[in-house]
Amino acid sequence: MGRAKRKWTREAIEEALRQNARVNATPAALEETAEKRKRQRRRASKKRNLLKELEAFSVVGSESVVPAANAVQVQTIPQDPTTLEQEGKQEEDDPADHQRQFAAAYAEGQRKAASEAEPQVTRPSSADKAAAKRAQNAEQQRARRANMTTSQTERRRAKDRERQRARSAQLTGSQRAATRAVNRQCQQDRRERQDAVLRAQVQFDNQARHAVVRAELTDQERDVQREQNRMRRKAPKRCHGHVNHEDFRASMVTGKDVGDGRHRLPPTTVCPSCQAWKWAAESDFICCLKGGVELPPLQPALPRLLQLYGDKEFRRHIRAYNQAFAFTSIGASSNDNTFRDVNQDQSVTGQHGVYTYRIQGAMGHFMGSMLPYVDRRTGERVPPKFAHIYIVDPDMQERANRRKGIFGDLDIVALQDIENMMVECNPFAQ
């Protein structure tokens, strides 16, 4: 047996129309295009079927009364009794036509009432959708950060700092100045929007937070921070000559011929006369005047010297080894036109960053005495240094010990090996 068709009543149809308007109304949240079209088709189909049922609904007898909420006041116009009697006879003669007209008028009233009862929801614009999407992404990011562990948070911050450094390194001077100007303007606008009470509260909170951070610092961290602040204050006076080596990142170095975060320029030109390595911009006369000066062939390095170059500890102290075997020391001229020891500025030594050596006067080489002598101020004999060692001490072991006395961190075996190689190969030390 087939399913029996539902018997509608006027109240059921009205309730179904209202239910359809509520269920299939436009939602306040964002809606996909496919879902929106499906909802609109479902609502229109349901409404169309209900209106058909309402139009086909017949009023049985005179007991059917239009609800008071939907009743329409009609002004009665006096008419001719003959006309009223004739209309009454026509209605009695054709009651079905009367029912169809009544049902159509009632359906039209219900349609208007349903359209007026629909919530008028303004569709969000593209800007509102973008703002809602950004808010949703921000909320997801906050939830993700809240679920991170301490190590994950530190790694994320390190990556953010590295990304920011790389982005800043790629900016030109004008772009960097424009960015600073925009940031200053934003901070100024933010301060202007704050009232005096809120600004005082923010300053108090910042002072309290800084006090807590300073209290948690160790003595070593406090000394490092003081040193960094001192260097930062001195940097503008010295044209930013102090570059903090700790802030260097290999990712900031870009371009051609880059290896291990450093620019490495290969020797692209070899002189055919003297086999000298030259840069591409150097002329042919810079080494041997284009064959005008004949130089002895360059001898290969000794195996022991190549072995020392492969030692990491030797390379770390290679400047000290070089100074220990120097024939002269560095001197500088003074105001009274005399040549004396270097007047070095100690305030720039031992700092972070690039090695800085600053003196006063013209640079030169200071030979000193070739014979043992006594210091007039102290009355003590001055130990041999520099070229004096090659003359006074014929013993190789004693020479190495004297050089180790000048630089205590050097290896005595390496010093003795270099001493033997100097005597073997260097004519000035023989």
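Would you mind finding the one in Glu92, Glu139 that is at pLDDT 85 or above and either touching a Gly at 6+ places or on another chain (Cβ under 8 Å) or surrounded by fewer than 12 Cβ atoms within 10 Å (Cβ to Cβ) (or both)? Step by step, each of Glu92, Glu139 is checked, and only Glu139 is at pLDDT 85 or above and either touching a Gly at 6+ places or on another chain (Cβ under 8 Å) or surrounded by fewer than 12 Cβ atoms within 10 Å (Cβ to Cβ) (or both). Looking at Glu282, is it part of a helix (DSSP H, G or I) and modelled with pLDDT of 75 or more? The answer is no for Glu282.
Any chance segment 151-170 includes a residue that's assigned to a helix (DSSP H, G or I) and either of a type in the set (Val, Ile, Thr) or more than 24 Å from the chain's Cα centre (by Cα) (or both)? Taking every residue of segment 151-170 in turn, at least one turns out to be assigned to a helix (DSSP H, G or I) and either of a type in the set (Val, Ile, Thr) or more than 24 Å from the chain's Cα centre (by Cα) (or both). Taken together, the residues in segment 297-323 that are part of a helix (DSSP H, G or I), touching a residue at least 24 places away in the same chain (Cβ under 8 Å) and not hydrophobic (A, V, I, L, M, F, W, C) amount to 4. The set of residues in segment 259-317 being assigned by TED's automatic domain parsing to the domain that holds Leu415 and farther than 28 Å from Met422 by Cβ is empty. Counting the residues of segment 256-279 that are modelled with pLDDT under 80 and either more than 30 Å from Glu424 (Cβ to Cβ) or not in a loop (DSSP other than H, G, I, E, B) (or both) gives 12.
Starting from segment 160-185, take each residue that is surrounded by 10 or more Cβ atoms within 10 Å (Cβ to Cβ) and list its partners that are part of a helix (DSSP H, G or I) and at pLDDT below 85, counting only C-beta distances under 6 angstrom and pairs at least six apart or across chains. Taking only residues 6 or more apart or on different chains, the pairs are Ala166/Ser251; Ala169/Met252. When restricted to residues that are of a type in the set (D, E, K, R), modelled with pLDDT of 60 or more and surrounded by 14 or more Cβ atoms within 10 Å (Cβ to Cβ), segment 391-430 contains 3.
The values are calculated or read from the model by the stated rules, or taken from the named source; none is laboratory data. Quick caveat: nothing in here was measured; it's all calculated off a predicted structure. Ideal geometry is used to build each Cβ from the backbone, glycine not excepted, and the neighbour counts take in all protein chains shown.
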